[in-house]
Structure formats: structure tokens, C-alpha cells
Amino acid sequence: RLDPDHDNATAALEWSEVHAPLLFCRLAANWARYWHVRQRDADALRWLESGLRQPDVNQAQRCLMILPLIEFHTKTGSLDLARRLCEEGILISAQVDDRYLLPRLISSVAWIERSAGDCEAARDRFVEAVELARGLESGLPSLLGDLGECELALGELAAGRRHMAEGRAAADASGDSRISLCSRIGFGHLDRYQGNLESANEALLEAIDLSLAQGNRFLLAEAVRALSFLTAAVGVAENAIRLRAAADAMVREAGASFDPWPFDQEGERLVEDARATLGLDRSQALVGEGTALSLDEILALARSLVLSPRQSVSIVQ
């Protein structure tokens with residue numbers, strides 16, 4: 001559903017905080033992402049810190065709450081605090097002998113390094129996390145995707161594509177539907193950047209179908225945004241502007257904000273070029289049209305882009 005169900009989530013947390021502390025800790029950890037995509041990180045922080053104060057929380061539960069706290073402090077620039085939490089989490093994972101926690105914590109270290117601007121150190125930590133996660137029943141698809149994106153940021157396009165493809169295959173094989181969906185959006189951005197426009201279109205249409213099947217309106221908006229960049233890349237300026245405005249409206253209605261993706265800034269520039277070509281008045285009119293589109297109209301517009309192999313040409317200078 002599009003309406004963020006804040007009241008029910010808050011009520012469940014408030015009740016469990018008093019009456020079922022261990023359930024409260026699980027909810028606080030599992031719902032941290034829910035609050036983040038709705039730009040309510042302060043709520044996530046409040047519940048997680050309350051969970052850490054619960055007297056009966058065990059070490060494994062504490063570590064599960066530390067993980068989203070690390071992500072929060074990394075994204076807000078409190079890297080020293082994030083590092084200290086990582087150190088605590090790594091110690092806990094050793095004490096409880098949980099082989100599933102350690103790759104996630106090493107991945108958190110990688111994100112801290114990347115946020116500090118050291119992509120090479122981040123890549124090395126992602127490689128370490130991937131190797132630790134191989135053979136486990138969960139976590140590997142996401143880690144492979146993170147490693148691939150880090151390699152793309154370093155300009156290692158072949159390695160990045162290889163690890164992203166491995167992550168997508170692992171997600172599909174394991175039934176990890178969210179990572180399967182995210183990987184297709186990632187490939188939509190990457191293929192568009194590399195000029196593989198037909199492949200980009202195929203990946204993004206698959207992402208739209210998966211997001212509808214999963215009822216994930218936030219990632220549907222992400223897929224429509226990526227498709228607006230592709231539409232601009234093939235020169236269909238008016239529909240590119242309509243789709244970009246529709247994606248904005250969808251993500252606002254979901255109470256969320258767009259996540260960063262590889263090469264999405266290049267995509268934004270393509271849409272800006274389309275606006276400049278059409279002029280201010282026409283662009284504003286198209287933004288209004290896109291904002292007013294129904295879901296069925298958005299889907300019809302998204303599926304209207306027809307690419308042929310002749311259009312799979314390089315647009316990278």
C-alpha cells in the first residue's frame with residue numbers, strides 16, 4: 001500500500017516495549033529500514049536505542065540492533081561512532097559464534113570506508129564479507145551487489161558487472177525477491193550508462209513487473225525513475241520528463257526518498273538536458289502531466305518505449 005502505516009507500527013512498538021521486550025527488540029531491528037525509506041530515521045534511532053537499554057536483551061539480539069544503528073550513523077556522517085559499534089558487533093559475533101552476523105558487520109565496515117572516501121579499502125572489506133558469506137543460506141546476493149557497486153565506483157566496470165550478475169543469479173536462485181528486484185534496477189542504470197539500451201529496457205521492465213508482484217511501491221518508483229533516464233537517453237524527451245515527474249510523485253506519496261544508484265547522476269543530467277531542449281514552459285506542463293498520471297497510465301507509458309538492437313550503441317564518451 002502507498003500509505004505509510006506509521007500509526008500501526010508505532011502502536012506495535014509501544015505495546016511490545018512494555019509487555020514483550022524481546023519481541024520489541026526484534027521489531028526495532030527489523031523495522032529500521034521501514035523508517036529509513038520514509039525519512040524518519042529519528043524514529044528508528046529512538047526505538048533501537050530503547051531496545052539496547054532493555055535489561056533482558058541477549059548478545060545476539062543486541063548485535064541485530066547494532067547493525068541498523070551502524071547504518072544510521074554511517075549515513076549521518078558519525079563515522080567514529082559507527083566504527084565503535086562495528087568493533088562491538090564483531091566482538092559479540094565472535095562470542096556467540098554466529099557466522100551469519102560477521103559478514104554483515106564486515107560489510108558495515110566497508111560502507112564506513114566508502115563513506116570516508118576510501119573506495120579501495122571498502123572494496124577489500126566487501127571482498128572479505130563475500131568470502132565469509134559464501135556457503136551461507138542468506139546474505140550473499142546483497143553482498144555481491146554491494147561489492148559490484150563499489151567496483152563500479154572505482155571504474156572497474158567489468159568486475160562490477162560480473163559481481164552484480166553473480167548477485168542477481170544468487171538472489172534468483174535463493175528466492176530473495178527484494179535483491180532480485182534491486183539488481184534489475186541496478187542493471188538498468190549500468191546498461192543505460194554503457195549504451196546497452198535494449199538490455200537496460202528489459203531489466204527495468206522486469207523490475208516493474210517484480211515490484212508490482214511484490215507490492216513494493218517504493219522500488220516501483222525507483223524503477224520508473226531509472227526508466228525515465230533511459231527514455232531520455234533514446235531521445236524521447238517528453239515521456240522522459242513525464243516519467244521522472246511520475247516517479248517523484250510516487251516516492252513522495254510513499255513518504256520516502258530515492259536511494260543513490262550507480263550512474264544515476266548521469267541519468268539526471270539526461271533528463272535535465274531534455275528539459276533544456278523543450279524549454280521551461282513545456283517542461284513544466286509535462287511535469288504537471290506526469291504528476292497527475294494514474295498508476296495504470298504510468299505503467300502504460302513505461303511500457304511504451306520500444307527499443308531495437310540498432311539502439312544498443314555506446315553513449316559513454
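Here Leu64 clears all of (1) in a helix (DSSP H, G or I); (2) over 21 Å from the mean Cα position of the chain (by Cα) except the condition numbered (2). Within region 153-166, the set of residues being of a type outside the set (Lys, Arg), surrounded by fewer than 21 Cβ atoms within 10 Å (Cβ to Cβ) and in a helix (DSSP H, G or I) comprises Ala153, Leu157, Ala158, Ala159, Ala165, Glu166.
Region 205-312 holds helices (runs of 4 or more DSSP H) entirely within its bounds, and those carrying 1 or more residues that are farther than 30 Å from Asp146 by Cα map to 237-253, 264-278, 280-291, 295-302. Scan region 90-100 and tell me whether some residue there is modelled with pLDDT under 95, farther than 18 Å from Gln61 by Cβ and either among the hydroxyl-bearing types (Ser, Thr, Tyr) or assigned to a helix (DSSP H, G or I) (or both). Among the residues of region 90-100, not one is modelled with pLDDT under 95, farther than 18 Å from Gln61 by Cβ and either among the hydroxyl-bearing types (Ser, Thr, Tyr) or assigned to a helix (DSSP H, G or I) (or both), which makes the answer no.
Per-residue answers, yes or no, for (1) over 20 Å from the mean Cα position of the chain (by Cα); (2) closer than 21 Å to Val127 by Cα; (3) in contact (Cβ under 8 Å) with a residue 24 or more places away in the chain:
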{"residue": "Ala42", "(1), (2), (3)": "no, no, no"}
{"residue": "Leu52", "(1), (2), (3)": "yes, no, no"}
{"residue": "Asp56", "(1), (2), (3)": "yes, no, yes"}
{"residue": "Thr76", "(1), (2), (3)": "no, no, yes"}
{"residue": "Asp80", "(1), (2), (3)": "yes, no, no"}
{"residue": "Pro103", "(1), (2), (3)": "no, yes, yes"}
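Residue pairs whose Cβ atoms lie under 7 Å apart, separated by 6 or more positions or on different chains, with the first residue in region 1-21 and part of a loop (DSSP other than H, G, I, E, B) and the second modelled with pLDDT of 75 or more and charged (D, E, K, R), are Leu2/Arg217; Leu2/Glu253.
Residue-by-condition table, conditions (1) surrounded by fewer than 22 Cβ atoms within 10 Å (Cβ to Cβ); (2) in contact (Cβ under 8 Å) with a residue 40 or more places away in the chain:
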{"residue": "Leu210", "(1), (2)": "yes, no"}
{"residue": "Phe218", "(1), (2)": "yes, yes"}
{"residue": "Ser228", "(1), (2)": "no, yes"}
{"residue": "Arg244", "(1), (2)": "no, yes"}
{"residue": "Glu266", "(1), (2)": "yes, yes"}
{"residue": "Ser283", "(1), (2)": "yes, yes"}
{"residue": "Ser304", "(1), (2)": "yes, yes"}
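Only one of the listed residues (Ser142, Ser180, Ser138) is under 28 Å from Ser93 (Cβ atoms), outside any helix (DSSP H, G or I) and either in contact (Cβ under 8 Å) with a residue 12 or more places away in the chain or over 14 Å from the mean Cα position of the chain (by Cα) (or both). That residue is Ser138. Of all residues in region 4-49, none satisfies the criterion of being in contact with a Ser or Thr (Cβ under 7 Å, 6 or more places away or on another chain), of a type outside the set (S, T, N, Q) and modelled with pLDDT under 75.
Taking the criterion of being farther than 19 Å from Arg184 by Cβ, in contact with an Asp or Glu (Cβ under 7 Å, 6 or more places away or on another chain), buried (at least 24 other Cβ atoms within 10 Å of the Cβ) and not small (Gly, Ala, Ser), would at least one residue in region 126-146 satisfy it? Yes, the conditions are met somewhere in region 126-146. Tell me which of these Ala169 doesn't satisfy, since it passes every other one: (1) part of a loop (DSSP other than H, G, I, E, B); (2) over 19 Å from Gly77 (Cα atoms). Result: Ala169 passes all but (1).
The values are calculated or read from the model by the stated rules, or taken from the named source; none is laboratory data. Here the structure is a predicted model, which means the values were calculated and not measured. Heads up, the Cβs are rebuilt from the backbone with ideal geometry, glycines too, and the neighbour counts pull from every protein chain shown.
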